[in-house]
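For reference, the structure is listed below as C-alpha cells.
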4 protein chains.
Amino acid sequence: MQDILNTITTEIYRQDDWGQVAQYIPELTSVDPRQFAISVCLADGQTFSAGAADKPFSIQSVSKVFTLVATLGRVGDQLWSRVGREPSGTSFDSVILLEREQGRPRNPFVNAGAIVTTDALLSGRVPKLALAEVLGLIRQMASSDEIYINDAVAASEQATGSRNAAIAHYLKSHGNLQNAPDLTLGTYFHQCAIEMTTTQLAMAGRSLAGLKHAPRVISQQHARRVNALMMTCGHYDGSGDFAFQVGLPGKSGVGGGILIIAPNVASIGIWSPGLNGYGNSHAGTRAASMLTKAVNWSVF
Amino acid sequence: MQDILNTITTEIYRQDDWGQVAQYIPELTSVDPRQFAISVCLADGQTFSAGAADKPFSIQSVSKVFTLVATLGRVGDQLWSRVGREPSGTSFDSVILLEREQGRPRNPFVNAGAIVTTDALLSGRVPKLALAEVLGLIRQMASSDEIYINDAVAASEQATGSRNAAIAHYLKSHGNLQNAPDLTLGTYFHQCAIEMTTTQLAMAGRSLAGLKHAPRVISQQHARRVNALMMTCGHYDGSGDFAFQVGLPGKSGVGGGILIIAPNVASIGIWSPGLNGYGNSHAGTRAASMLTKAVNWSVF
Amino acid sequence: MQDILNTITTEIYRQDDWGQVAQYIPELTSVDPRQFAISVCLADGQTFSAGAADKPFSIQSVSKVFTLVATLGRVGDQLWSRVGREPSGTSFDSVILLEREQGRPRNPFVNAGAIVTTDALLSGRVPKLALAEVLGLIRQMASSDEIYINDAVAASEQATGSRNAAIAHYLKSHGNLQNAPDLTLGTYFHQCAIEMTTTQLAMAGRSLAGLKHAPRVISQQHARRVNALMMTCGHYDGSGDFAFQVGLPGKSGVGGGILIIAPNVASIGIWSPGLNGYGNSHAGTRAASMLTKAVNWSVF
Amino acid sequence: MQDILNTITTEIYRQDDWGQVAQYIPELTSVDPRQFAISVCLADGQTFSAGAADKPFSIQSVSKVFTLVATLGRVGDQLWSRVGREPSGTSFDSVILLEREQGRPRNPFVNAGAIVTTDALLSGRVPKLALAEVLGLIRQMASSDEIYINDAVAASEQATGSRNAAIAHYLKSHGNLQNAPDLTLGTYFHQCAIEMTTTQLAMAGRSLAGLKHAPRVISQQHARRVNALMMTCGHYDGSGDFAFQVGLPGKSGVGGGILIIAPNVASIGIWSPGLNGYGNSHAGTRAASMLTKAVNWSVF
C-alpha cells in the first residue's frame, strides 16, 4: 500500500495542471495549489500516508458528512422531513430547485441541505454547544484531539457568504429554518472552517467504512445511508462522474479535501487545494481514481 | 434463500396498496397490479424464484441497461460525448435540463439519453438489425432464447409517444440525433417492448454482477460503470432514495420490472406492475428493500 | 364621470367574491377586504371620486413607480445597467430568473428590481434621507403633505420579510447591491409602507399621464418609459392580462392599490384590499376594466 | 411624412452594423442583410414609403398576428383556454415554460402559442383551406391580391424545423394539439412563408390601427386586444425593450419584418433582414425608434 501511495504521489507531482484554488473564500485564495496528500486506513488497523499528510487544511464541505452524522444521532430520521435524499442536478449553491421544491433542499450535501442539517443540530442551544458537539464527534472519530476550527477562515466566509445568507433567508421564508439565519449561518461557517490532516480525515472515516476498531459513533444502517448519500450526492454536479470513475462513495470540499469510503475495506483521506470545474479537487479526484484502479476497490 | 423469497412474497401479497399501473401506454393499462415475482441468481450458479417468475412482462426502461451495454460494445466511450453521466434531478421525460444543456441528455437512463444511446446503436444500419443485436445480446445474457418483442405494445407506445417524439425532435434540433426521429423512435419503442420473466431478468444481470459462469459480454470496467450509472440514475428522480433504502444499483421500468445488481454476489429480477409516485414499481421497491435487509447485501 | 364612478362603486359593492387580503404582511392581514375606492383626475384639472376615497391604505408595490421616478432623476439611464426592462414570466418574488441572469433583475417592478432601484437611490447617504426624497417626491406629485409612512407596517414587513432578505443577499452575492442588505431592505420596507388615499394616488399619477397643471417632476420621455414598464411589467405575472383587459399601463400593490395612467387623458387611483391569484386587487382590477370600457380609454 | 421616411432611410443606409440574417431557415441565409424599407399608412388614407418598399420579403412570425385575427374570428375567446396572454420571459422557442405550465403556451406569439393558434384554425378541414383563409384575410386587409406563399421557404423550414416539431409533439403529449403534428406544422410553416412588401404590410395593419377606410375584418375590442398582445409579447424576450424604446405595439419576424400599430393614427411596415440578439430586425428596430421620436406617436 505504501508503494502504491508513493507512486500516486510521484505521479501527481508530475502533473502540470493543478486546477484553481477556490476564489470565493478570501482566506483560501492564497493557498498554493501545488500541494498533495493521501492517507489510507485499512481494515486491519494500519494507516498509510504519502505527501503532506500532516498538514491541516480547511475541510469545508467535507464537514457536512460529520454534521449529518451528528444530526442523525440527535434527531434521527425526522431530519428527512426537512431535507431530501436525491441528487440535485444543479450546482452546490443553486436556488432554482429550492424554489421549485418550496424550500425543501434536495439533499444534505448541497449548501441549502447542509444549512438545514446544521439548523437541526443547533436548535435548542447556543452555536458554541452545537459546534462543540461536531468538533467533539470529529475528534472522537479521528481518534485525535489535535483538530481545531480556524476562526480567521470562518470570519472570512461570514464576511463574504452572501449566497449562503440568501439561501438561509430563503429557507426561513419557507419555514424550514428554526433558528435566526445569523445563528445558523455562524454555526455553519465555523463547522466548514474545521481543519484536518489527511491522516485525521482517513481516521475519521473508519466508522463510516465499518472498520474494526473504529469508534462506535453510528449504527451500520445509518453509516450505509450516509455512504449512499455520498455516492449519489457527494460531489455536487459531478457526483455521477465520481461514481462512474472511482466507484466509491466520497465527499469533497472546496478546500480541496476528499473523504472516500471503501465499505469494510478502507477509509481514505485525500487533499490537494486546486479545484476542477465542478468545484472538486482536481488532483484529488485523479488520485482517487488511480488508487481505486490500483487496488480494485470499486463497490460495483 | 428460497425461504427468504417465499417470506417476502407472502408479505407482499398481504399488502393493500399495490400502486398504480402505468397509464400512458394503452396496452399496459389493463394489467392487473396485484402481481408479483422475484428471482435471484447467486454467485454459485444457483437461481431461486418466488411468485409469478415465469410470466413475461414488459421490461420497458430496464431495456436501457441492455441497450447501453450493446452501445458501449459498439461505439465505446465515444458515447459520452453525446450523453452525460449525472443524475438529472428531474423526472424521466423532462425537457428542462435538455434545454439548459443544449441537447446533451444528462445520462443514458432518462428517456432523452436512452434515445441518443439507441440512435448511436442504430447508426449505419436498419432498425431491424439494431433490434436483433439488442435482443440477441439479452438472450445471450439471460441464457434463454425465449425472449421476444411484443409488437402490440411497441405499436401502442408509438401511437401515443408524443412526449418521446418531442424529445427526439428536440435532440435533432441540437444535432444530437443521427437518424431520422421516426427510425430511432421506432427502434426505441420496440426495445422497450421486450418481454422477460423475472428469472430471465435475473439471469441477464449476471454479467453485470460479475458472477462466475456468466456470459462474457462486457468488460469488468464497463460493467462497473454501468452499475455506477444504475446506482446514481437508475430510478429517475427516486434514484437517491433507492440507493439510500436498498443500497444496490438497480434499474426500473414502468412495466413494473426492476433489475438489481449485488456486485460479485447476486443478480436480482423483481416485477410488480403497480407503480409509486416516481414511476418505479411499488411492491418491487418494497421487496428489494426487504431482500437486501434480510441478506445484508448493501454495497455500502 | 361622477355617475360612472358611482355606478362602478355600486356594482363592486354588490359582488360576493372580494378576493383574499395579503397574508404575508402581518399588519395587513386584519384589513377588511370589503372596501373599495376609486378616484380619477382628468386633463382639465377636475378630480372625481367614489367609495372610501379618503381612507389611507398601504401602497406597497405601487411605491416602486415613485422610487423609479426618483432614481431615474438621480442616476438616469445608468440604472439600466443594473436592472432590465423585460417582463419576467414568473411571480414577483421568484429567484429563478435571477439565478439564470446572474443577479440582474428582469425589471424594476419585480421585488429584486425594486430592491436594486432603492439601492441606487440610497447610495451615498443614510436611509432616512433617501426615504425623505421619495416621500417628498410623492407629496409633490400628489400636491398633498398629508402622506406618511406607517412604521408599524414597515416593522411588520421587516420582521417577516425573509424572502426579500434572501433576494437582497442574493443580489449582493452577484455584486448588484451597493449598500448593506439591511440598509437597503430597511429603506425598501419603509417605502412600501407609505399610505395614501385613492385621491392622493390619482393626483400623484398626473405627472406620468402628462396632464396639464401636473407638477413637473419627470421629462416626457422618462414618463413614457415608466408607463411602458407599467404596461409590460406592472402586474407581475398578470401584466399581459391587465394590458389585454384594461388596455392602460398600471401598477398594483399587495395592499390592494392600483395606479393607472391614461396618457394625456387621466390618472386613476383604485383601492380594494382583497387580492386575486396573481396578487393584484380583485375588485380593483374589475373596476379598472369597467371604467375603461365605460369611457373607452384604452391606449390601443 | 415623406421627408421623415427619407431621412430615416438615408440614416439607416449609413450604418455599419446591419445585424445577422437568420441562420436556421436555409432559404433565408442567403438574403443580403443590407436592405431596408419602410411604409406608413395614415388615418387620412395616405400611404408613404421609402427604401425597397416594393420588394416582397418573408414575413415569418409577423404572420402570427394575422393567424390570430383569423382564429379569433373563427373560435373567438375559446382560444384563451388553450393559450395564455402573458409575456414569457424566455426565448421564442423555449420549452421550459411549456413544461412548467403543462403544455399551455404563454401567449400566441411564442412559437408554441402560434402553433396552437394555427391548430385551432385548422381543425375540421384540410391545411389548404386554412391557409386559403389566412391568405385571403391578409389580401383583404392589405387591399392587394399580389400576396403569395413562397413554397421553397416553407419546404426549407419544414425540412429543418426540428425545434418546432419538438414543440408540436410536446403540445400533443399534453392534449393541446387537435390535429396530427405534421398537418399543423405544415400549415404553420406555410403561413410563415407568406411574402409581403412593407407597403402591403402597412396596409394590412390599418384594421388593427382602427383607421378610417380600413377593411372591417375585426371588432374594435378584438383589435385592441391583439394590439395589447403585440405590446407585451410581440418581440419575444425583447418585448419590454421595444415598448420602452418605441412605445407602440409591434410584431417582428425573423425575416426582418416588423408590423407596428399606432392606434387611430397610423399603421407601419418596416423591413431589414439583419437581426439583433433577440431575433428582431436590427435596422428595423432602430428605424421604428427614429420614426416614433420624429412624429411623437408613443401611446404612453
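Summed over the range B:171-188, the residues that are over 14 Å from B:Ser123 (Cβ atoms) and more than 23 Å from the chain's Cα centre (by Cα) give a count of 2. When each of C:Ile167, C:Ile138 is tested for being touching a strand residue (DSSP E or B) at 6+ places or on another chain (Cβ under 9 Å), surrounded by 24 or more Cβ atoms within 10 Å (Cβ to Cβ) and in a helix (DSSP H, G or I), the lone residue that passes is C:Ile138. The single condition among (1) under 17 Å from B:Asn107 (Cβ atoms); (2) not assigned by TED's automatic domain parsing to the domain that holds B:Ser49 that B:Phe189 does not satisfy is (1). The conditions are (1) within 14 Å of another protein chain (Cβ to nearest Cβ); (2) modelled with pLDDT of 95 or more, and B:Gly103 fails exactly one of them. Which is it? Only one criterion is unmet by B:Gly103, namely (2). Just to be sure before I move on: is C:Gly113 out of contact with any Leu (no Cβ under 8 Å at 6 or more places or on another chain) and within 12 Å of another protein chain (Cβ to nearest Cβ) in the structure I sent? Yes; evaluated as a whole, the condition is true for this residue.
Does C:Tyr236 satisfy being closer than 24 Å to A:Lys172 by Cβ and in contact with a Phe, Trp or Tyr (Cβ under 8 Å, 6 or more places away or on another chain)?
Numbers: closer than 24 Å to A:Lys172 by Cβ: yes; in contact with a Phe, Trp or Tyr (Cβ under 8 Å, 6 or more places away or on another chain): yes.
So C:Tyr236 passes the test.
For D:Ser252, all conditions in the list (1) in contact with a His (Cβ under 6 Å, 6 or more places away or on another chain); (2) surrounded by fewer than 22 Cβ atoms within 10 Å (Cβ to Cβ) hold save one; what is the number of the exception? Against the list (1) in contact with a His (Cβ under 6 Å, 6 or more places away or on another chain); (2) surrounded by fewer than 22 Cβ atoms within 10 Å (Cβ to Cβ), D:Ser252 comes up short only on (2). Per the listing D:Glu27, D:Glu11, the residue uniquely part of a helix (DSSP H, G or I), of a type in the set (D, E, K, R), more than 22 Å from the chain's Cα centre (by Cα) and in the same structural domain as D:Asn264 (by TED's automatic domain parsing) is D:Glu11. Please enumerate the residues belonging to the range B:44-84 that are modelled with pLDDT of 95 or more, assigned to a loop (DSSP other than H, G, I, E, B) and small (Gly, Ala, Ser). Correct list: B:Ala52, B:Ala53. When we screen C:Ser162, C:Ser207 for residues that are over 12 Å from C:Ile115 (Cα atoms), modelled with pLDDT under 95 and among the hydroxyl-bearing types (Ser, Thr, Tyr), the only hit is C:Ser162. Regarding A:Ala228, is this residue more than 28 Å from B:Asn296 (Cα to Cα) and either at pLDDT 95 or above or among the hydrophobic types (A, V, I, L, M, F, W, C) (or both)? For A:Ala228, the condition - more than 28 Å from B:Asn296 (Cα to Cα) and either at pLDDT 95 or above or among the hydrophobic types (A, V, I, L, M, F, W, C) (or both) - is not met. Scanning the range A:4-30 for residues that are closer than 16 Å to A:Ile270 by Cα and either modelled with pLDDT under 95 or surrounded by fewer than 16 Cβ atoms within 10 Å (Cβ to Cβ) (or both) yields A:Asn6, A:Thr7, A:Thr10, A:Glu11, A:Tyr13, A:Trp18, A:Gly19, A:Val21.
Would you say B:Gln245 is without any contact (Cβ under 8 Å) to a residue 24 or more places away in the chain and either within 24 Å of B:Thr7 (Cα to Cα) or within 13 Å of another protein chain (Cβ to nearest Cβ) (or both)? No: the conditions fail for B:Gln245.
Number of residues in the range C:173-197 that are in contact with a helix residue (DSSP H, G or I) (Cβ under 8 Å, 6 or more places away or on another chain), surrounded by 24 or more Cβ atoms within 10 Å (Cβ to Cβ) and part of a loop (DSSP other than H, G, I, E, B): the value is 2. Residues that are in contact with a His (Cβ under 9 Å, 6 or more places away or on another chain) and either under 24 Å from D:Gly256 (Cβ atoms) or free of Cβ contacts under 8 Å to residues at least 24 places away in the same chain (or both) within the range D:176-207 comprise D:Pro181, D:Arg206, listed in sequence order. Evaluation of C:Arg106 against the conditions (1) touching a helix residue (DSSP H, G or I) at 6+ places or on another chain (Cβ under 9 Å); (2) not in a loop (DSSP other than H, G, I, E, B) shows that the sole unmet condition is (2). Scanning the range B:198-240 for residues that are within 10 Å of another protein chain (Cβ to nearest Cβ), buried (at least 24 other Cβ atoms within 10 Å of the Cβ) and outside any helix (DSSP H, G or I) turns up just one, B:His235.
The conditions of being closer than 18 Å to C:Ile4 by Cβ, within 14 Å of chain D (Cβ to nearest Cβ) and not in a helix (DSSP H, G or I) are not met by C:Ser289. All conditions in (1) modelled with pLDDT under 95; (2) surrounded by fewer than 16 Cβ atoms within 10 Å (Cβ to Cβ); (3) away from chain C (no Cβ under 14 Å) hold for A:Ser144, with the sole exception of (1).
Within the range A:141-152, which residues are closer than 27 Å to A:Gln23 by Cβ and assigned to a helix (DSSP H, G or I)? Quick ask: steps written out before the conclusion?
Step one: of the range A:141-152, the residues closer than 27 Å to A:Gln23 by Cβ are A:147-152.
Within the range A:141-152, A:Asp151, A:Ala152 meet the criteria.
Among the residues of the range A:255-276, those that are surrounded by fewer than 24 Cβ atoms within 10 Å (Cβ to Cβ), on the phi < 0 side of the Ramachandran plot and not in a strand (DSSP E or B) comprise A:Pro263, A:Val265, A:Asn276.
All of C:Ala159, C:Ala155, C:Ala132 fail the test of being of a type in the set (A, V, I, L, M, F, W, C), within 14 Å of chain A (Cβ to nearest Cβ) and either surrounded by fewer than 23 Cβ atoms within 10 Å (Cβ to Cβ) or not in a helix (DSSP H, G or I) (or both), apart from C:Ala159.
The values are calculated or read from the model by the stated rules, or taken from the named source; none is laboratory data. Owing to the predicted nature of the structure, the values given are computational and were not obtained by experimental measurement. In this analysis, Cβ positions are derived from the backbone assuming ideal geometry, glycine residues included, and neighbour counts consider all displayed protein chains.
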